[in-house]
1. According to a simple spin-label model (label point 7 Å from Cα along Cα-to-Cβ), what is the distance in nm between LEU243 and LEU264?
2. So if we plug the beta-carbon distance of ASN34 and THR176 into 1/(1 + (r/R0)^6) with R0 = 45 Å, what FRET efficiency do we get, rounded to 0.05?
3. Run the accessible area of region 56-208 with a 1.4 Å probe and give the carbon-and-sulfur part as a rounded percent.
4. With no solvent and one point per C-alpha, what does the Debye sum give as log10 I(q)/I(0) for region 1-104 at q = 0.13, 0.22 Å⁻¹?
5. Got a sec? What order do LEU68, LEU264 fall in by accessible area at 1.4 Å, biggest, i.e. largest, first?
6. Evaluate E = 1/(1 + (r/R0)^6) for ARG161 and SER7, where r is the Cβ-Cβ distance and R0 equals 56 Å; express this FRET efficiency to the nearest 0.05.
7. Can you give me the orientation-averaged projected area of the convex hull built on the Cα atoms of region 172-276, in nm²?
8. Under 5 Å between amide H atoms, partner at least 5 residues away or on a different chain: which partners does LEU139 have, H built in plane at 1.01 Å?
Amino acid sequence: MKETPLSNCERRFLLRAIEEKKRLDGRQTYDYRNIKISFGTDYGCCIVELGKTRVLGQVSCELVSPKLNRATEGILFFNLELSQMAAPAFEPGRQSDLLVKLNRLLERCLRNSKCIDTESLCVVAGEKVWQIRVDLHLLNHDGNIIDAASIAAIVALSHFRRPDVSVQGDEVTLYTPEERDPVPLSIHHMPICVSFAFFQQGTYLLVDPNEREERVMDGLLVIAMNKHREICTIQSSGGIMLLKDQVLRCSKIAGVKVAEITELIQKALENDQKVRKEGGKFGFAESIANQRITAFKMEKAPIDTSDVEEKAEEIIAEAEPPSEVVSKPVLWTPGTAQIGEGIENSWGDLEDSGKEDEDEGGSDEAIILDSIKMDTGVEVSYIGSHDAPIVLSDSEEEEMIILEPDKNPKKIRTQTISAKQEKTPSKKPVKKRKKKRAAN
């Protein structure tokens, strides 16, 4: 685990706040962070949130052969995983010293304390026993992993149900949940870990340290206890020397905290069992907080539907009547329908109107040409609808015949014109001719 070390300024700030009995999240010295427990749709699946530290617990079981030295006892197996999703400092695929220490502490807290009746997990002595596996995944790391992991493990074990079995001779029959109700595990007590952080060589004490407080602490004391004030295990790390009075004070604080957490766990289990019996909604989706961006549900707003008809009549009375009334469909033959009286096809009319427009345009052009001939006395040829009329001179004349429909062919004179003459406007030569004729 490679953590980014804190700067000297941050370290001094945290230590000074602890000396003044102030914490970054506003808690008091002996306050525990808020605990939230949510269950999945399957038995034995839960998520425990200790502040921002989140741990997912999942319990599974299978029939295996027992150990040789304990032929009539089942097997309990605990596995805690620290992934980079929880914190970038965790290295994937490698068991760090912290992970090994946490797994050993969980085994001493839950398995060595005999909180689960392992003899009840025996099916056939020496042949078949139940192996219970508890997988714990750290989803987010904000300090005090061991407390959150211990709570998640005992909650998942209390919530888990194993399939029912029956033995007839040498045959072992395993029943599905539809055939027989699953059987809960036999739990004697609930051991829960409570962590205490010491600063300045044991001068200052904090309960439930967060991630930044763990970085500057000098030592850590973990006490696993049940609600009967029975100490299941105790571990001190950090190399600090603690006095007897300090350990006794921590054990008293742990007894109070464990009683509160145990009561919270029992209420959460009762509520989940009640919801499942009533057929209500349950699972992780139902535990998502409402009115948040990440939520897919919102609270239903109550709507008063007592005077809906009166309001509808008022709206209809105030509204304007429709401007047009759609006629009823006319059924000419079975399988056909017509809306309206029907109008003849107008596509031919549109084409005829287009042709008339073209004819009118042609007649206008002929009138313009005739007027030019009358004024100038010069023959003019018109090529295209967009080209300017060309005035012919007496030089370089050629005879050209233009064929027109329904008319006799006429001979007109044309002239080859250079590019420069085409660019010049056609009206200027006409004006010059007029001036010359006036002079003559």
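The values are calculated or read from the model by the stated rules, or taken from the named source; none is laboratory data. This structure is a prediction, so every number in the text was calculated from the model and none was measured. In this analysis, Cβ positions are derived from the backbone assuming ideal geometry, glycine residues included, and neighbour counts consider all displayed protein chains. When the accessible area is computed, the model is the full protein with side chains, heavy atoms only, and any ligands, DNA or RNA have been set aside. Shrake-Rupley method; radii C 1.70, N 1.55, O 1.52, S 1.80 Å.
1. Calculated label separation equals 3.1 nm.
2. Using R0 = 45 Å, I get an efficiency of 0.70.
3. Result for region 56-208: 46 percent of the exposed heavy-atom area is carbon or sulfur.
4. After summing over all Cα pairs, the log10 values are -0.80, -1.28.
5. LEU68, LEU264
6. 0.65
7. 10.2
8. Hits under the 5 Å cutoff: ARG54, VAL55, LEU56.
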